[in-house]
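*Asks:* Handing you this structure, nothing more for now.
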Amino acid sequence: MKKLTVSVCVFTAFLAMAEKEQLPNRLFPETDQQKAERLAWWRHDRFGMFIHFGMYAVAGRHEWVKSREGIPDEVYDAKYFPRFNPDLYDARQWARTAKAAGMRYAVLTAKHHEGFCMWDTATTDYKITKTAFKRDVVREFLDAFRAEGLKVGLYFSVIDWHHPDYTIDRPHPKFRQISGNKKQALEKLNAGRDMNRYRAYMFAQVKELLTNYGKLDILWFDFTPKGEFGKSWRDWNAVELLKMTKQYQPHVIIDNRLDLMDTDDGWDFVTPEQFKVQDWPTVRGKRVPWETCQTFSGSWGYYRDETTWKSVPQLIELLSETVSHGGNLILNVGPTARGEFDGRATERLAGLAKWMHVNARSIYGCTEAPKGFKAPNGSVLTYNPETKCLYIHLFDYPMGFLPLEFFDRVEYAQFLHDGSELQFKGPSSHHPQTGEVKPVSGLRLPILKPDVAVPVVECFLKK
Ligand code: GLC
C-alpha cells in the first residue's frame with residue numbers, strides 16, 4: 001500500500017513537472033519596461049465598471065442559474081431565448097452613468113458561461129441579433145463608452161455551457177445532473193464531444209471580437225476550473241489564444257484566468273475576486289499589477305431577490321483600500337432583462353459619483369504610501385508619487401483631532417472635498433490631572449463630520 005502511495009506521488013510530481021516544462025517562463029519578447037508602459041493608463045485610472053449582461057438576466061437569479069439549477073439546454077433556451085428583449089438598453093446612458101461615477105474604463109461580457117453571444121457573430125445563431133431585440137449589444141456598448149472617453153474592454157468566457165463539443169466539467173450544468181460515479185458518467189457524457197471543434201469555434205469568436213470592433217483596451221478571459229473534473233490552459237490552447245490576441249491588439253491588457261500563471265507574461269494582472277485584499281499581491285515573491293473584481297450584491301448577473309447590497313460608504317472604502325495597496329477596482333453592474341441598471345445600482349453609482357466628484361484626486365494616479373507613513377487609526381492612505389500628495393481616507397471620523405505620526409513631513413493640509421485648510425496642532429502639554437499621555441501632533445478637524453461619505457485629507461508633503 002505504502003509503495004503504491006509513493007509511486008502515485010512520484011507519478012503526480014512527474015506529471016506536474018512535465019506540464020510545467022512545456023510552458024516557458026516567457027512567451028513574448030516584451031520587456032518589463034514595455035509592459036509597464038502598456039499598463040500605465042490602467043494603473044493610473046484605478047477604477048472601472050464591469051457589466052455582466054446576458055440572457056441570464058431574464059431568469060433574474062444569478063448568471064450561473066443554468067449550472068446552479070442544472071437546467072437542460074432545451075428548457076433554458078425555450079424559456080429565455082424568446083423572452084430576451086432588452087428594449088430599454090441605452091449604452092450612452094450606461095456610459096454617462098459610469099463616467100459620472102468616476103469609472104475610467106468598462107468591461108462588458110461579450111459571452112458568459114451560458115454561451116450566449118451579445119454580438120453579431122457569424123459562428124452561431126445563439127446570439128443577440130437573432131432575438132427579438134436584433135441589435136448588436138457589444139457594438140453599441142463600445143461606441144457609446146468610447147464616445148464618453150472611457151477605455152473599453154470585453155469579457156469572454158472560455159467556458160461554454162451551450163456548445164455541443166465543450167466537454168462536461170465540474171461547473172457545467174450537466175455535471176450537476178450526474179448521480180453515482182462521476183468519472184464513468186463523464187466518460188459517457190463526453191464520448192461524442194470534441195474540444196478541437198470547440199476550440200476552433202472559440203478562436204473564431206475571439207478573432208471576430210479582436211478584428212471587427214476596433215481598438216480594445218482590455219480582454220478579460222474567464223476562467224479555468226482547475227482540479228478534479230476541471231480544465232487547464234491546454235484545453236483552451238491558451239498560449240495560441242494569447243498569441244492571436246496580441247497579434248491583432250498588441251496593446252491590449254489581459255487578465256490571468258487562462259491558467260498561465262506559471263509563465264511571467266501569459267497574464268498582465270491578477271484578479272482577486274469578492275474579498276478585501278489586505279496586502280499588495282505577489283507572484284513568486286514579486287509585487288504584481290492587480291485588479292479586484294467586486295459586485296454590489298454578491299451576484300454578477302441581475303439578481304432580483306438578492307438583498308445583500310453594499311452601502312455607498314462600504315463601496316468607497318473598498319475603492320480607497322484597494323488603491324492604498326496599489327490595486328484597481330472593477331465594480332460590477334448586472335443590468336435587468338430590459339437593459340437598464342436597476343434602482344439599487346443607480347443609487348450606489350450616484351453615491352460614488354458624488355464622492356468621486358470631489359475626491360477623485362485621491363484615487364487617480366495614486367498608489368500605496370511610501371514606507372514610513374503610518375495611517376492613523378480608522379483610516380487608509382493613498383499617495384500620488386507625481387504630485388507628492390498623501391491622502392488620508394477617514395473611514396472613522398475622529399473627534400476634533402487627527403493625530404499624525406508623520407506630522408513633521410507635512411507642509412500643508414486641507415480637506416479634499418472643499419479645499420479648506422486644516423490647521424496644525426502641536427503637542428499639547430497636558431494638565432497634571434491627565435496622567436501620563438504621550439504628546440502627539442496632528443491636525444485640528446471640525447467636530448462635525450462634513451457631508452461627505454468618506455472625508456479625505458489632502459497632505460502636501462515637504463519636498
Ligand atoms: C467568476 C464567475 C463569474 C463572474 C466572474 C467575474 O469566475 O464564474 O460568473 O463572471 O467570476 O470575475
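*Asks:* Quick one: in the stretch 241-271, of everything that is assigned to a loop (DSSP other than H, G, I, E, B) and open to solvent by 20 Å² or more (accessible area, probe 1.4 Å), which residue is nearest to the ligand (Cβ to nearest atom)?
*Replies:* ARG257
*Asks:* Here's a check for you: in the stretch 272-311, which residue that is within 15 Å of VAL323 (Cα to Cα), of a type in the set (Phe, Trp, Tyr) and part of a loop (DSSP other than H, G, I, E, B) is farthest from the ligand (Cβ to nearest atom)?
*Replies:* Looking at residues that are within 15 Å of VAL323 (Cα to Cα), of a type in the set (Phe, Trp, Tyr) and part of a loop (DSSP other than H, G, I, E, B), I get TRP280.
*Asks:* Quick one: TRP233 ticks every box in (1) in contact with a Ser or Thr (Cβ under 9 Å, 6 or more places away or on another chain); (2) more than 24 Å from ARG46 (Cβ to Cβ); (3) open to solvent by 40 Å² or more (accessible area, probe 1.4 Å) except a single one, so which number is it?
*Replies:* So TRP233 meets the others, but not (3).
*Asks:* Shifting gears a bit: Inspect all residues belonging to the stretch 113-136 and state whether any of them is out of contact with any Lys or Arg (no Cβ under 7 Å at 6 or more places or on another chain) and part of a strand (DSSP E or B).
*Replies:* Among the residues of the stretch 113-136, at least one is out of contact with any Lys or Arg (no Cβ under 7 Å at 6 or more places or on another chain) and part of a strand (DSSP E or B), which makes the answer yes.
*Asks:* Taking the options VAL457, VAL410, VAL440, name whichever one is under 14 Å from SER320 (Cβ atoms) and touching a residue at least 12 places away in the same chain (Cβ under 8 Å).
*Replies:* VAL457
*Asks:* Anything in the stretch 203-228 that is within 16 Å of the ligand (Cβ to nearest atom), farther than 23 Å from PHE141 by Cβ and either open to solvent by 10 Å² or more (accessible area, probe 1.4 Å) or among the β-branched types (Val, Ile, Thr) (or both)? List them, or say none.
*Replies:* THR224, LYS226, GLY227
*Asks:* Every residue in the stretch 185-226 that is outside any helix (DSSP H, G or I) and either more than 24 Å from the chain's Cα centre (by Cα) or at pLDDT below 95 (or both), please.
*Replies:* Across the stretch 185-226, the qualifying residues are ASN190, ALA191, GLY192, ARG193, ASP194.
*Asks:* May I pose another question? Any residue at all in the stretch 159-166 that's within 16 Å of the ligand (Cβ to nearest atom) and open to solvent by 10 Å² or more (accessible area, probe 1.4 Å)?
*Replies:* Yes: the stretch 159-166 contains one or more residues that are within 16 Å of the ligand (Cβ to nearest atom) and open to solvent by 10 Å² or more (accessible area, probe 1.4 Å).
*Asks:* While we're here: Inside the stretch 167-183, can you point out the residues that are surrounded by fewer than 17 Cβ atoms within 10 Å (Cβ to Cβ) and within 16 Å of the ligand (Cβ to nearest atom)?
*Replies:* Of everything in the stretch 167-183, those that are surrounded by fewer than 17 Cβ atoms within 10 Å (Cβ to Cβ) and within 16 Å of the ligand (Cβ to nearest atom) turn out to be ARG170, ARG176.
*Asks:* Answer with yes or no whether HIS357 is outside the structural domain of THR97 (by TED's automatic domain parsing) and either surrounded by fewer than 17 Cβ atoms within 10 Å (Cβ to Cβ) or touching a residue at least 60 places away in the same chain (Cβ under 8 Å) (or both).
*Replies:* Considered against the rule, which asks whether it is outside the structural domain of THR97 (by TED's automatic domain parsing) and either surrounded by fewer than 17 Cβ atoms within 10 Å (Cβ to Cβ) or touching a residue at least 60 places away in the same chain (Cβ under 8 Å) (or both), HIS357 comes out as no.
The values are calculated or read from the model by the stated rules, or taken from the named source; none is laboratory data. In this text, all values refer to a predicted model and were calculated from it rather than measured experimentally. Positions of Cβ are generated from backbone atoms using ideal geometry, with glycine treated the same way; all protein chains shown enter the neighbour counts. All accessible areas refer to the heavy atoms of the entire protein, side chains included, with ligands and DNA or RNA removed. Shrake-Rupley method; radii C 1.70, N 1.55, O 1.52, S 1.80 Å.
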